[in-house]
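Scroll down for the structure; my scribbles are underneath it.
The values are calculated or read from the model by the stated rules, or taken from the named source; none is laboratory data. What you are looking at is a predicted structure, and each value in this text was computed from that prediction instead of being measured. Reconstructed Cβ throughout: ideal geometry from the backbone, glycine too, with neighbour counts over all protein chains shown. Heads up: the accessible areas ignore ligands, DNA and RNA and are worked out on the full protein's heavy atoms, side chains in. Shrake-Rupley method; radii C 1.70, N 1.55, O 1.52, S 1.80 Å.
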Amino acid sequence: FKVNKDGELVIDPGVKGDVRIQTAAQFGKDVVIRFDFKPTDDKCNNDLFLLGSKFDINPTAKELKDAKTGEWNTMEITAKGGETVFKVNGKVARTDKDKAKGDKSTFEIRAEFGGISFKNVRVSDGGK
């Protein structure tokens, strides 16, 4: 991972394996996390983790059919009352019900393989 001159968090496409970055803060079961992401190509396969839910950022997956490779896309993750909703470019990509493990968790990005960039990360923690 690196932060470029534009303030974007960049995962090097040469990274392979299980490299993780996570927030220092933990978030409760009522939280909204928004960010922009740009997969560099269709080989991108990285993951997001929040409250026991895992979401693959893989442009060839049906959950990301509304995401564009090589372009900025918007992700919104809303956890409320035991349900976690993942939206990509304003459309629901997946809903997880009753998967929350514990009352709090960090937000984590796992670099598995393929390049991706993130920017404009915003958090609204309603659990505080």
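Values for this structure:
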quantity: Heavy atoms of residue 1 accessible to a 1.4 Å probe, total area in Å² rounded to 10; calculated: 80 Å²
quantity: The chain - charge dipole about Cα centre, Lys and Arg +1 at Cβ, Asp and Glu -1, debye rounded to 20; calculated: 180 debye
quantity: Residue pairs, from the table 43/104; 5/91; 5/65; 2/43; 62/97, whose Cα atoms sit over 25 Å apart; calculated: 43/104; 5/91; 5/65
quantity: Kirkwood hydrodynamic radius (C-alpha pairs) into Stokes-Einstein, the chain, 37 °C and 0.692 mPa s, D in µm²/s; calculated: 224 µm²/s
quantity: Length added when fully stretched, residue 56-residue 34, from 0.36 nm per residue minus Cα-Cα; calculated: 6.3 nm
quantity: Reach of residue 101 by Cα under 24 Å, taken over lysines that are not fewer than 8 positions away in the same chain; calculated: 29, 54, 80, 87, 128
quantity: Dipole magnitude of segment 18-83 about its Cα centre (Cβ charges: Lys, Arg +1; Asp, Glu -1), debye to nearest 20; calculated: 100 debye
quantity: Which of 123, 67, 14, positive extreme of dipole for the chain (C-beta unit charges); calculated: 123
quantity: ³J(HN,Hα), Karplus 6.51/-1.76/1.60, whole Hz, each residue of segment 50-61, x for Gly, Pro; calculated: 7, 6, x, 9, 10, 10, 7, 9, 9, x, 8, 6
quantity: Accessible-area composition of segment 6-128, carbon plus sulfur, in percent [1.4 Å probe]; calculated: 47 percent
quantity: GluC sites (Glu not before Pro) restricted to DSSP loop in segment 1-108 with at most 15 other C-beta within 10 Å; calculated: 71
quantity: Average accessible surface area per residue within segment 1-64, 1.4 Å rolling probe, Å²; calculated: 53 Å²
quantity: Among 45, 81, 114 - extreme Cα towards positive end, dipole of the chain, charges at beta-carbon; calculated: 81
